[in-house]
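A.B. asks: Would you mind keeping the following structure in view while I ask a few things?
The values are calculated or read from the model by the stated rules, or taken from the named source; none is laboratory data. In this text, all values refer to a predicted model and were calculated from it rather than measured experimentally. Glycine also receives a Cβ, built like all others from the backbone with ideal geometry; neighbour counts cover every protein chain displayed. We work out accessible area using only protein heavy atoms, side chains counted, and drop any ligands, DNA or RNA first. Shrake-Rupley method; radii C 1.70, N 1.55, O 1.52, S 1.80 Å.
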Amino acid sequence: QGGSGRIEWRQDGGDYAATLSAPVTRQSWRVSGGPGRASIEGLSGGPRQGPDASALVFEATHWRVPVDRLDDWLLGLAGRDDAVHFGSDGRLDRIDGEGWVVSYADWRAVDGVELPGRVEAVQGESRVRLVVDGWTLGAGPP
């Protein structure tokens, strides 16, 4: 199955809040949490909590999204067991980790930091493609 969606991600240290929406079905969910804890809202039957955000998202949407790794992977940060590959231009090209292959493209300077404009994560037949509309670094609105 395929489809399009939108993710708005906010990160503060280890805590995150992400809003996922599927325009075609007009459904949206809010996933939040931190290390070892997650909750999802917007489900019929009320919110759900658990230790694994990816499992909660899959249960709600049937989308395989590596929620617990997205914050690092969006920034191009590899975990200690990840394999890292660089392109001929010296920029990060790909991270292989936890069964996912994460590819990077469309690098852009944001406040003096190079960040990707496109990130694609693939695991088997599951594919998450993110096109970044904009980056905001530093303190954001409360």
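A.B. asks: Applying the selection to the range 66-92, what residues are farther than 16 Å from Val132 by Cα and in a loop (DSSP other than H, G, I, E, B)?
C.D. replies: Pro66, Leu77, Ala78, Gly79, Arg80, Asp81, Asp82, Gly87, Ser88, Asp89, Gly90, Arg91
A.B. asks: Something else: Here is a check on your reading of the model: is Ala60 within 18 Å of Val31 (Cβ to Cβ) and without any contact (Cβ under 8 Å) to a residue 24 or more places away in the chain?
C.D. replies: no
A.B. asks: Same structure, new question: Give me the residue from the range 51-60 that is in contact with a strand residue (DSSP E or B) (Cβ under 7 Å, 6 or more places away or on another chain) and surrounded by 15 or more Cβ atoms within 10 Å (Cβ to Cβ) and, out of that set, nearest to Gly33 (Cα to Cα).
C.D. replies: Across the range 51-60, the extreme among qualifying residues is Ala53.
A.B. asks: Within the range 93-128, track down each residue that is modelled with pLDDT under 85 and either surrounded by 13 or more Cβ atoms within 10 Å (Cβ to Cβ) or assigned to a strand (DSSP E or B) (or both).
C.D. replies: Passing the criteria: Ser126, Arg127, Val128.
A.B. asks: Further question on the same structure: Quick one: would you say Ile7 is of a type in the set (A, V, I, L, M), under 14 Å from Val128 (Cβ atoms) and open to solvent by 50 Å² or more (accessible area, probe 1.4 Å)?
C.D. replies: Answer is yes for this residue.
A.B. asks: What's the number of the condition Ser44 fails, among (1) outside any strand (DSSP E or B); (2) touching a residue at least 12 places away in the same chain (Cβ under 8 Å); (3) surrounded by fewer than 16 Cβ atoms within 10 Å (Cβ to Cβ)?
C.D. replies: The one condition Ser44 does not meet is (2).
A.B. asks: May I pose another question? Find the residue count for the range 74-90, including only residues that are out of contact with any Gly (no Cβ under 8 Å at 6 or more places or on another chain) and either open to solvent by less than 70 Å² (accessible area, probe 1.4 Å) or under 16 Å from Trp29 (Cβ atoms) (or both).
C.D. replies: Final tally of qualifying residues: 6.
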